[in-house]
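Inspection log for the structure reproduced underneath, given as structure tokens.
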Amino acid sequence: MMESSKVIHVRRLVLVSILLATLVVGLGAYTRLTHAGLGCPDWPGCYGMLDVPQTQEQIAKAEQNFPGQVVEPEKAWNEMIHRYFAGSLGLLILAIAIISIRLRSQGIPIFLPLAILALVTFQAALGMWTVTLKLMPVVVMGHLLGGFSTLCLLFLLYLRLKPYRLPTSDWQVKKYSKFAVIGIVILFAQTALGGWTSSNYAALTCTELPICQAGWQEQLSFDNSFDLIPPERDSYEFGHLNHNERLTIHVMHRLGAIVTALYLGWLALVIFTRSQTRFFRTSAGVLGALLVVQVSLGISNIWFSLPLSIAVSHNLVAACLMMALIALTYSLKRKI
């Protein structure tokens, strides 16, 4: 009984960390989309403070200590609130790792909590480099992918700690586990394309559907569009690529979205129609519903010119879609 209660305690702690990680992903998207990534020019504090300069005296001192910087308290608060929650998540993950080591004799996974701790440590470094390297696109994209990966690994840990019973009669859908794994790879690649589009400020380069405005084929330019190490600049805020390069990035994200939607739509449909159990039909239904919402949000971003609420939701639903796919894959692989 004591062992069971301790496992339940760890599982609840992991659930709290999932909720916090989801909030951090949303706050990260909000910070990026409000152009507040450089709201604080230093790290981990803000203009040498633990909070944000607000009084006239504090602002004057901050601008004196950081020449060339204009203090914008609203953007600085966006960045610092994100850091506060991200730091809290890091401490919570550290606690989970320590508890997992102490309870390893009771069947608590060890490798996964330690891997998540290593990832969130690297994620903190990416957060620092985002500021010190002035929003270099590859760092911003890596920071986004790190946040998504942290959330998804926490969710996987939660699944491993949750003793739910799986149906044993659905033999015909077991073979689709490998296709679900491929789906995870495709969705991760599409998320990376989305991060690259956002970090290069290419989200509004194409303003028409389904691919781009007329003549986009002649404007494609792959020469520098996907160079991970860009030319050295004082800052990469608001982008450094020309129109054709941004258009190329956006078009590749659109094409990736079509491929992802078709593949995941097929996967959800085939499992839903061929499964004989309510468990897998529900799992496939959730995946399909989230896919429809995500595609709708993507279209809405273009149709309504990237409104903040829809753009942030696009990030959050992408994370939920990945977690739904992970849950389905995990269940398919452990079905029998």
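Quick note: the coordinates plus some simple rules give every number you see, no bench work behind them. Being a predicted model, the structure only gives us computed values, none of them experimental. Cβ: placed from backbone, ideal geometry, glycine included. Neighbour counts: every protein chain shown.
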Between residue 35 and residues 5 or more places away or on another chain, the pairs with built amide H atoms under 5 Å apart involve none
Taking 30 Å as R0, compute the FRET efficiency from the Cβ-Cβ separation of residue 208 and residue 228 and round it to 0.05.
0.55
Dividing the helical contributions, -39500 (n - 2.57) per DSSP H run of n ≥ 4, by the residues of the chain yields a 222 nm value, nearest 500 deg cm²/dmol, of -24000 deg cm²/dmol
Over all distinct alpha-carbon pairs, what is the Kirkwood Rh of the stretch 210-336 in angstrom?
17.0 Å
Of the residues 59, 163, 322, the Cα lying farthest along the dipole of the chain towards its positive end, which is defined by charges on the beta carbon of Lys, Arg, Asp and Glu, belongs to 163
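With +1 on each Lys and Arg Cβ and -1 on each Asp and Glu Cβ, how big is the dipole of the chain about its Cα centre, in debye rounded to the nearest 20?
Around 2360 debye, computed over the chain.
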Want the number for residue 12 to residue 106: 0.36 nm per residue separation, take away the alpha-carbon distance, what's left?
32.2 nm
I'd like the FRET efficiency for residue 308 and residue 160, computed as 1/(1 + (r/R0)^6) with the beta carbon distance as r and R0 of 35 Å, rounded to 0.05.
0.45
Go through the cysteines of the chain and tell me which have no other cysteine Cβ under 4.7 Å away.
152, 320
What does the charge count around residue 268 come to, taking other residues whose C-beta lies under 13 Å from its C-beta (Lys +1, Arg +1, Asp -1, Glu -1)?
+2
Which chymotrypsin sites (Phe, Trp or Tyr not before Pro) from the stretch 236-336 combine a DSSP loop assignment with at most 12 other Cβ atoms within 10 Å?
238, 304
Note the per residue figure in Å³ for the convex hull of the C-alpha positions in the stretch 1-163.
106 Å³
Past 23 Å, Cα to Cα, is the threshold; run 162/333; 6/162; 6/333 against it and keep the listed order.
6/333
Return 240, 9, 35, 250 ranked ascending by Cβ neighbour count within 10 Å, so the fewest neighbours appear first.
9, 35, 240, 250
Selection from 257, 235, 196, by position along the positive dipole direction of the chain (Cβ):
257
Note, the stretch 23-36: 3J(HN,Hα) by Karplus (6.51, -1.76, 1.60, θ = phi - 60°), whole Hz, Gly/Pro = x, goes 4, 5, 4, x, 5, x, 5, 4, 4, 5, 6, 9, 6, 9
Please compute the alpha carbon radius of gyration of the chain, then divide it by the globular-protein estimate 2.2 N^0.38 Å. Two decimals is fine.
1.08
How do 49, 323 rank when sorted from fewest to most other Cβ atoms within 10 Å of their own Cβ?
49, 323
Take the Cα atoms of the stretch 85-145, build their convex hull, and give its volume per residue in Å³.
71 Å³
Starting from 0.36 nm per residue, how many nanometres of slack lie between residue 316 and residue 54 once their C-alpha separation is accounted for?
91.2 nm
Using a cut-off of 10 Å between beta-carbons, work out the net charge of the residues near residue 48 (Lys and Arg +1, Asp and Glu -1, residue 48 not included).
0
Please report, in debye to the nearest 20, how large the charge dipole of the stretch 168-336 is about its Cα centre when each Lys and Arg carries +1 at its beta carbon and each Asp and Glu carries -1 there.
1400 debye
Jot down the radius of gyration and Dmax of the stretch 265-322, Cα atoms only, both in angstrom.
13.6, 43
The percentage of Cα-Cα pairs in the stretch 173-270 separated by more than 16 Å is 60 percent
